[in-house]
Structure formats: C-alpha cells, structure tokens
Amino acid sequence: MSEQLRQTFINAKNEGRKALVTFMTAGYPTVDDTIPILKAFQDGGVDVIELGMPFSDPIADGPTIQVANTVALNNGVTMKMTLELLKKARSEGVTVPVILMGYYNPILNYGEEQFIKDAAEAGANGFIIVDLPPEEAIKVRNYVHDNGLSLIPLVAPSTTDERLELLSQIANSFIYVVSRMGTTGAQTSVASDLDVLINRVRKHSGNTPIAVGFGVATREHFVTVGELADGVVIGSKIVTLCKEAEQGQRYNAVKKYVETILNGVKHSIPTIEEFQAMQRKSREEGQLTKDVIAGFKEAHKHKMNFGEFGGQYVPEALHACLRELEAGFDAAVVDPTFWEEFRSLYSYIGRPSSLHRAERLTEHCGGAQIWLKREDLNHTGSHKINNALAQVLLAKRLGKKNVIAETGAGQHGVATATACAKFGLSCTVFMGAEDCRRQALNVFRMRILGAKVVAVTNGTKTLRDATSEAFRFWVTNLKDTYYVVGSAIGPHPYPTLVRTFQSVIGNETKEQFAKLNDGKLPNCVVACVGGGSNSSGMFSPFEKDLSVRLVGVEAGGDGLETGYHSATLTAGKLGVFHGVKTYVLQDNDGQVHDTHSVSAGLDYPGVGPELAYWKSTGRADFMAVTDAEALEGFRLLSQLEGIIPALESSHAVYGAVKIAKKMPSDQHIVINVSGRGDKDVQSVAEVLPKLGPKIGWDLRFEQNPAA
C-alpha cells in the first residue's frame, strides 16, 4: 500500500495541485462518527487520511487532540477497534490512502509485528509513530516493508542533518515536516521560516514528497504552505469542527470544510475492487523484496540504556531539547569548577545529612540494627534540593533565564523554587490539580518563594499529567527555558543526570556507616520508590557491593489485588512512557493506568529505567506497602523516634521494619528518610478516619482542641 501513497502524490503533482492530508482521532466525537467522517474526507477531495489511534498520554499533542484522545478512550476505543473501524470503512467504499497515527506504547503492547500485519489486513497504507526513535524506526520500518506498507518519518525544525539523512532513507512514500516547535494545534499564521526548513529537508530527501503540518487551519494557510510543499496536513482544526458540529451533521460539516480548503477541486478515487487489487499486490511485493536499512547509532558519552530499558522515545521536536541538555551535562560533570560550585552549596543544603541509629525503632523490631539517613533535615525538607540546585547550576551554564519543573508532593517544586530564588531565575512549576489540593501547603510555599504554580486539570490531575504538561511547555519554549526533572525518569539523559546528582546520598551513607562501624558496609539499604530519585541516589553507590541488599518500597495503595495502587515495579510490565522504555502500569491495550497512593510523591505509573534494570537483573528487590501500612510506618517513626516522616518515606519505614524483624541483631539496615512529614499532616488527618481503624490508631484532628 506504500505504492498507493507514492502514486497519490505523483497524481497530485501531475494535476498541478497539492495533496491534502487530514486527521481525525478514531472514535471521536463518538464511535459512530468515525466512518462518516472518513467518508466526508474522501467525498470532499482529501488525498490522504490520518486516523489517530487514541493514547492516554499524547505528549506531542496540544489540548484539542488531548481531549479527543480522552473522549475516544472513554468511548471504549481500543487498538483492535481502530482496526475494525478502518476495515469497515474500506468495505463501505473508503479507498483513499489511510495512515494510522499514534504513539509507540500501544503498538509495543500489541506486538509490533502482529499489529503491522493486522493493520495491513484491515486496509492501512502506513504509519506515523510520533515517539519512535531512529534505532527502533529501522526495525519497525523493516516489518512495515514486509507487509507492503509505509513508515512516514516526522521531521522538526530542530532535526539534525545526521538524523535527516536516516529519516530520508526510512521514507518510502513521503516525509511529514512539523512546521514549528511545540505541540499540535491550529494557529493564526504559518511559520515564517518554513522555506528554509523545507529546503534543508529536500537536500537530504531528494525527490521524496514533503507534507507540512502543525497549525494549518484555513484556505490561505493551505495555499501558502502549498507553495513550498507537496502536501499540506490539517488536524486540530477539523477535530474542533467535529466537536462543535451537531450530532448527525458532522459528515456535512467536514465535507464542506474540506471543499472550502480545496476550493472545490476533486480528484478520482479507486473503486473498492481496484483498492483490493492494489492491497494484494502491495503485500505480495513486500514479501518478495527486501529493503533492509543499516543500523543507526548516535554518539553519547553516557549510556542511553540500562539493558533493554532507557532510551529517548520522544517526538522529534524534543530531541533538540535533549541534545542541548545532554551536551551541557556532559561538559559540566567533567568540569571541576562545576563540582566546586555545587559542593560550595553543601552548607546551604545542610550536607552532609546525618546518619544515626534508630534505637527505639530497633528495639521495637527486635531484629537488625536500624539506621536512618536523614535527608529530611536538608534545606526545604527533602532530598529534592540536591538535584534541584545542581540542575539550576546547569541552567545557568546554558544561559537559561526561565526554569520549569513538575512536582507531585510538592517537595521538588519547593526545592526548584528555592534554587531559582537563590540564583535569580524565574520559576514555573506544573502540578496536578488533585496534588495542589492535597498539598496546598507546598503550593503556598512555592508561591512565597516567587514561583508560579500551574494547576494541571487534564487527565488524572496528578504527577503524570504535570510531567506531560511540562514537556509540552519545554519543547515550545526551548530557547530560554530549562526543565528541571525531579525524578530519575524520562528520556536520556535525565535518569543518569538525576541519579548522578542524588548519588551524594548513597556516597555519604557509605562513608558515614563505615566510619561508625569499623569500615563495614550495611547489610541492607531501603528507600521508597516513585519515579526513583532518592532510591537511585541511595542505591547506585552500593550497586557493585553485592553483600548489600537493595530494597525499594513502592506504593501499594489499597492493595495490589484491587488495582488501585502505584506499584509499577511490582505489578507493571514493559512499556514506553514519558520518553523512556521501562516498567509501566498499563492496561491490556497499552493505555497507561490511573494510579493511587496516599502519598502524592509516589503516585506515578512509571519508574526510572535504572531501577527497572536492577529489578530485571535481581540486583535490587522491590516490595509494595499499602496506604494503611505506610500510615503505620508514619506512626512508628513519629512515636518511637520523634521524627515525623513524609508519607513517601513512611513506605520505606514500614518496609524496613518488616525486613529488620527477620534479620539477626548483629546485622544492619539503613532507611533513607527522604523527606519530612510537615507537608503531609493535613493528608494524614483526612485519611485517618478511614485508615486508622485498620492499624488501631484512633486519632482525630480537631479544629479547636480547647473547645
């Protein structure tokens, strides 16, 4: 079917016109609207249709298509249903080329080879996979070729010549050029430097047709872009049009709009029989011919992958952001002056943080000697300040004036706001609206420090949505903006970068414990796990010390059996989320699960790739602790040691207590107390009526205790 795509652009050129490519999300606004909209495209004169495969976390898309994805998923649309809709549309006479457009994780979950085969049988002509990196694109492209289909690469203004060369080789029908940095969405004007971008692409692509999208909405836009390109893509404007049209009127609204864009110009379309003959021929030719592209490898000073985990699964436009960040990080970590400046801030942070025995907690357990690494005593109340200050120093080196961050519990947001205040940089923090509610104190702290807090209201309104929104903002504002990621998550180099700056925790622990114990190592080290910043920072210095057991404690929520939890390493499966291949909490269709934890900082459906690797190799063990058990850990440390821990750290406390009870008294276990619990007092007061009876803790908050 790649041949039909190629011929479509040839026909348009021979007829002296530009090809029109239009987009619609499968199942939006309703499932019953999909086929009539596809027919309206064809009847209005469209050359190529993009059919969007809904995904729960479309990081490259603006609000319009985000909403369309959410609505379609709520309508019950799955990958299988998308193929069924396409197959039905073909049987009802839709014969123009149809490209399936979406994100990699649902395809990976389905099985790449099987999905491509099933898509070919359903009548697809090819694919646009928004976050597929070049090294994976080569493998997928070869599967696609075997089925006679086409993989259409995306090119952005920031795409390097090296990547352009490879992407041009991958293209066997046309290249989709993203006209501007940022996310999808209708615009009022066309990018002013589009001619420069297209000319640069053509130097590498030769005669391969180019279609330009992102922001096209009017007939004027179509004509202007068409003067430079072979095809023009329109998406968000049509999605909005369908949303606003009355039920039963969407076919007419779409057909009329397309006819307006094309000024009434139509073209001939194949009959069903002609289409089916092309489909058979294309698949036969794909199986008979081989068109294997050589491998692709970009140079990186620090490894991008930890075994099969890691990588950069991001929209093409984000590669510019990551490339600049990686270069800055690589230069900084080999520059002694960077480390001198960072270490000069230790007195500001309160480093080294103390390590001491928890005598009463040890006595309570009756097993191993329990030690506490007190990251809760750091300035701002958690380990987050280590990474925030180091990354703000990087931002300064890169000449950035504006800093953004995501936050769940608010500790990373407070730490970043603090670092920005110290160094005179503006700060914007993205935080899920639900997290804003349950961490109102930290929201106010950030505002006191001069930061702007953006409450993210889409999706689950938690950390995952805040992270997605921060990435979207960054790619649109790269020139003057630095993104301080707070956990060891996301695309390379973030997992390595965050672990590097947080490893001060484990390095200090190792040195302090040895000093207090005749040069020995602890037998076990325990840390809570959300994305992985404090755990990877604590564990990495002990990675090669095989006598030290490493245990990560995840958020078990209401219990693993309920599905209402955030235990990614315990219950997740391999996937791609927020730019990285790792374990992900997802459903059978590859859609990312909603998560739950009493702790906002652990309420995340992914995990850092290095932790995923340690799980796969057995170097680290992971366990899940329920909300009620975490509350018991909170009570134990508060009442036995006079230390009120963060709810995140409380998970580690409970897990460590459970382990310590089974260890002999001459062994030692260290808990990383990653944060203090001031921020969680209100949350604890809210959940105690429900969870208190489960652990025998009858405590109620009174507005006026003197009354």
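The values are calculated or read from the model by the stated rules, or taken from the named source; none is laboratory data. Values in this document were obtained by computation on a predicted structure and should not be read as measured data. Cβ atoms come from the backbone with ideal geometry, glycine included; neighbour counts cover every protein chain shown. Each accessible area value is taken on the protein alone, full model and side chains, heavy atoms only, with ligands, DNA and RNA left out. Shrake-Rupley method; radii C 1.70, N 1.55, O 1.52, S 1.80 Å.
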Identify, from the list GLU341, GLU316, the residue that is open to solvent by 10 Å² or more (accessible area, probe 1.4 Å) and modelled with pLDDT under 95. GLU316
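Yes/no per residue for (1) in contact (Cβ under 8 Å) with a residue 40 or more places away in the chain; (2) assigned to a strand (DSSP E or B); (3) touching a Lys or Arg at 6+ places or on another chain (Cβ under 8 Å):
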site	(1), (2), (3)
LEU73	yes, no, no
VAL77	yes, no, no
THR95	yes, no, no
MET101	yes, yes, no
PRO106	yes, no, no
PHE115	no, no, no
ALA119	no, no, no
ALA124	yes, no, no
ILE128	yes, yes, no
Is it true that some residue in the stretch 121-144 is at pLDDT below 95, crowded, with 23+ Cβ neighbours inside 10 Å and within 20 Å of PHE9 (Cβ to Cβ)? yes
Report, by residue number, each residue of the stretch 58-82 that is buried (at least 23 other Cβ atoms within 10 Å of the Cβ) and either among the charged types (D, E, K, R) or more than 21 Å from the chain's Cα centre (by Cα) (or both). ASP61, VAL77, THR82
Looking only at strands (runs of 3 or more DSSP E) that lie completely in the stretch 366-449, which have at least 3 residues being touching a residue at least 60 places away in the same chain (Cβ under 8 Å)? 369-374, 402-407
If I go through the stretch 170-204 residue by residue, how many of them are in a helix (DSSP H, G or I) and either open to solvent by less than 10 Å² (accessible area, probe 1.4 Å) or modelled with pLDDT under 90 (or both)? 4
Output yes when any residue across the stretch 662-683 is assigned to a helix (DSSP H, G or I), farther than 20 Å from CYS524 by Cα, in contact (Cβ under 8 Å) with a residue 40 or more places away in the chain and of a type in the set (A, V, I, L, M, F, W, C), and no when none is. no
ILE659 fails exactly one of (1) open to solvent by 10 Å² or more (accessible area, probe 1.4 Å); (2) aliphatic (A, V, I, L, M); (3) within 20 Å of ARG438 (Cβ to Cβ); (4) in a helix (DSSP H, G or I), namely (3)
MET623 fails exactly one of the following numbered conditions: (1) in contact (Cβ under 8 Å) with a residue 60 or more places away in the chain; (2) open to solvent by 30 Å² or more (accessible area, probe 1.4 Å); (3) closer than 26 Å to MET446 by Cβ; (4) among the hydrophobic types (A, V, I, L, M, F, W, C). What is the number of that condition? (3)
Verdict on GLY350 being surrounded by 13 or more Cβ atoms within 10 Å (Cβ to Cβ), over 21 Å from ILE37 (Cβ atoms), touching a Lys or Arg at 6+ places or on another chain (Cβ under 7 Å) and at pLDDT 90 or above: no
If we keep just the residues of the stretch 544-586 that are basic (Lys, Arg) and either part of a strand (DSSP E or B) or within 10 Å of GLY606 (Cβ to Cβ) (or both), which is most open to solvent (accessible area, probe 1.4 Å)? ARG549
Checked pairs for the stretch 266-280, first of a type in the set (Val, Ile, Thr), second surrounded by fewer than 17 Cβ atoms within 10 Å (Cβ to Cβ), C-beta under 8 Å and 6 or more apart or across chains, list as ILE272/SER91; ILE272/GLY93
Evaluate the following for SER268: is it polar (S, T, N, Q) and closer than 22 Å to ALA89 by Cα? yes
Please work out which residue is nearest to ILE175 (Cα to Cα), limiting yourself to the stretch 222-235 and to residues that are open to solvent by 10 Å² or more (accessible area, probe 1.4 Å) and of a type outside the set (A, V, I, L, M). ASP230
Report yes if some residue within the stretch 599-608 is in a strand (DSSP E or B) and crowded, with 23+ Cβ neighbours inside 10 Å; otherwise report no. no
Name the residues in the stretch 139-162 that are more than 24 Å from LEU197 (Cα to Cα) and part of a helix (DSSP H, G or I), would you? LYS139, VAL140, ARG141, ASN142, TYR143, VAL144, HIS145, ASP146
Could you tell me how many of the residues in the stretch 34-52 are open to solvent by less than 10 Å² (accessible area, probe 1.4 Å) and of a type outside the set (Val, Ile, Thr)? 9
Take the stretch 97-120 and flag every residue that is surrounded by fewer than 21 Cβ atoms within 10 Å (Cβ to Cβ) and closer than 19 Å to VAL46 by Cβ. none
Looking at the structure I just gave you, is ASP589 at pLDDT below 95 and surrounded by fewer than 24 Cβ atoms within 10 Å (Cβ to Cβ)? no
For the stretch 455-486, give me each residue that is open to solvent by less than 20 Å² (accessible area, probe 1.4 Å), within 26 Å of THR70 (Cα to Cα) and part of a loop (DSSP other than H, G, I, E, B). THR462, VAL485
Kindly provide the set of residues from the stretch 87-142 that are within 18 Å of GLU284 (Cα to Cα) and basic (Lys, Arg), ordered by number. LYS117, ARG141
For LYS303, only one of the following conditions fails: (1) in contact with a helix residue (DSSP H, G or I) (Cβ under 8 Å, 6 or more places away or on another chain); (2) open to solvent by less than 50 Å² (accessible area, probe 1.4 Å); (3) basic (Lys, Arg). What is its number? (2)
